[in-house]
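Taking it in order: structure first as C-alpha cells, then the write-up.
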Amino acid sequence: MPLDPQVEAMRAEREVNHVPQLYTQTLAEARAADLASVQAAGGEVEKVHHVEDVVTGDGLPLRVYRPDLTGPLPTLIYFFGGGWTLGSIETADGISRTLANAVPCQVITVGYRLAPEHPFPAAVHDCHRTTRWIADHAAELRADPARLVVGGDSAGGNLAAATTLLARDNGPALAAQLLVYPNTLYGSDTVSMRSGDDPYLFNKTSVNWYWDHYLTDSADGLNPLASPLLADSHANLPPALVITAEYDPLRDEGEYYAEKLHAAGVPATLSRYDGMVHGFFAMSGILDGGKKAMAEAATWLREVLGDA
C-alpha cells in the first residue's frame, strides 16, 4: 500500500521545512535534534504512579516506571533506539510510560553507553549486565524474577535480541522479548534496504551511518551480538513479538529474524504495519499506527507476562 496519509503529511512537512537528516549533522546536533523530534512526535506523556531514577552497581543510570500495583511486578527491561549512537532514557520516556500503564507492568529503561565514544560491544554488555543486575536485585526493585522481559526499538531491539543470546547461556531467565523494527544483520542487502532511499525518511544511508559509528571494524558486524540473525542457533530463546514497518529499510531483516526464531521452535509473532515507516512506534502523538502498535505490544506483554 502507499504511505499512510499521516506519514505522507509528516514527510511533506519535513520536505517543506528542509529538515536535515541526522546523518548530515554533528553528533551533538543529531543527539539534540533526535530528542526534540521524539518528544514532539510522541505527544503528551502519561502520568505514572511512581517514577524513579536509580543507578546500577556499574554506574549505569536506570529509570523505573511503576504502576499502582503490589509487587512483585512483571517487568519490561527496555533499551532505547537511536542507532547505538543517539537516544537516551529521555527518548524512551513516552514509550515507557505508555507501556507501564497499558500492560500494566513495571518498565525499567537502561541508560547504556553510546557509540562512537563506546563502540561495540559496550552497549550489548551494558544491557546484559544490567539485565542480570535487575534480576539479582529483584526484591528491592519489586520485580518478579520469573516475569522479566527485554525489549527495545531499532538499535534497542537489536540489543534486546543480543541480550537474549547472552542470557540463554549466562542468565538470567527471560520470559519474552519485544523487538520493534530491530537491526539484525550488518550489511544487509535486502529488498527493503535497497529501496529505502527516501531523503526525508530514515533510509539506508541512515542505517550505514549508525553502523559506522557503532563498529570499529566491519568484521565485528559478523559477530552474532552485533547481527543476531547470524547466531549459530536461535533455539531456546524466549517468545518474541517482532513489529516491522512496510517502508523501513530494516523491515526484511526484522522479518527474517522472526522467521529464524519460528524455525528454531521459538514462539514468534510477526506484525507488519503497512504504510508505516521506521520510528513510528515512538510517534503515537501524530500517527495512529504508532498508537495501534503500542496497544498491540501492551496486549502481547499482558498475555506473555500473565502466563510466565
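State the antiparallel share, in %, of DSSP beta bridges confined to the chain, rounding to the nearest 5. Just about 25 percent of them are antiparallel.
Any idea what the relative contact order of segment 35-109 is, in percent, if you count C-alpha pairs under 8 Å spaced at least 6 apart? Don't jump to the answer; show the numbers that get you there.
Details: 111 pairs, mean separation 27.9, N = 75.
Relative contact order of segment 35-109: 37 percent.
3J(HN,Hα) couplings calculated from phi for segment 88-93 with the Karplus curve 6.51 cos²θ - 1.76 cosθ + 1.60 (θ = phi - 60°) are, in sequence order, 6, 3, 5, 6, 9, 4 Hz; Gly and Pro show x. What the Cβ-Cβ distance of E15 and A139 gives, at R0 = 51 Å and to the nearest 0.05, is a FRET efficiency of 0.45. In order along segment 277-288, phi translates into HN-Hα couplings of 10, 4, x, 5, 4, 8, 10, 5, x, 10, 10, 4 Hz, rounded to whole numbers, per the Karplus curve 6.51 cos²θ - 1.76 cosθ + 1.60 with θ = phi - 60° and x for Gly and Pro.
Rounded if a/c is under 1.5, else prolate if a/b is larger than b/c, else oblate: which is segment 165-214, with a ≥ b ≥ c the root eigenvalues of its Cα gyration tensor? Because a/c hits 1.5 or more and a/b exceeds b/c, segment 165-214 counts as prolate.
Report the FRET efficiency, 1/(1 + (r/R0)^6), for K292 and A263, where r is their Cβ-Cβ distance and R0 is 25 Å, rounded to 0.05.
Here the calculated transfer efficiency is 0.35.
With one equal scatterer per alpha carbon and no solvent term, the Debye-computed log10 I(q)/I(0) for segment 1-111 at 0.22 1/Å reads -1.19. The Rg/Rh ratio of segment 189-229, with Rg taken over Cα atoms and Rh as the Kirkwood radius over Cα pairs, comes to 1.02. One equal scatterer on each Cα of segment 171-308, no solvent, Debye formula: the resulting log10 I(q)/I(0) at q = 0.09, 0.15, 0.19 Å⁻¹ is -0.28, -0.78, -1.18.
Taking amide hydrogens as placed 1.01 Å from N in the peptide plane, the amide H of G285 sits under 5 Å from those of G42, G43, each at least 5 positions away in sequence or on another chain. The calculated pair-distance distribution of segment 5-307 uses every alpha carbon pair, bins of 20 angstrom beginning at 0, and gives 37, 59, 3 percent.
The C-alpha radius of gyration of segment 28-186, expressed as a fraction of 2.2 N^0.38 Å, stands at 0.96.
In sequence order, segment 4-16 has phi-based couplings of 4, x, 5, 5, 4, 5, 5, 5, 4, 5, 4, 5, 4 Hz under the Karplus curve 6.51 cos²θ - 1.76 cosθ + 1.60, θ = phi - 60°, and Gly or Pro positions carry x.
Read the figures in this text as sums done on the coordinates, not as results from a lab. Just so we're clear, the structure is a prediction, and the values are computed from it rather than from any experiment. All Cβ positions, glycine included, derive from the backbone under ideal geometry; neighbour counts span all protein chains shown.
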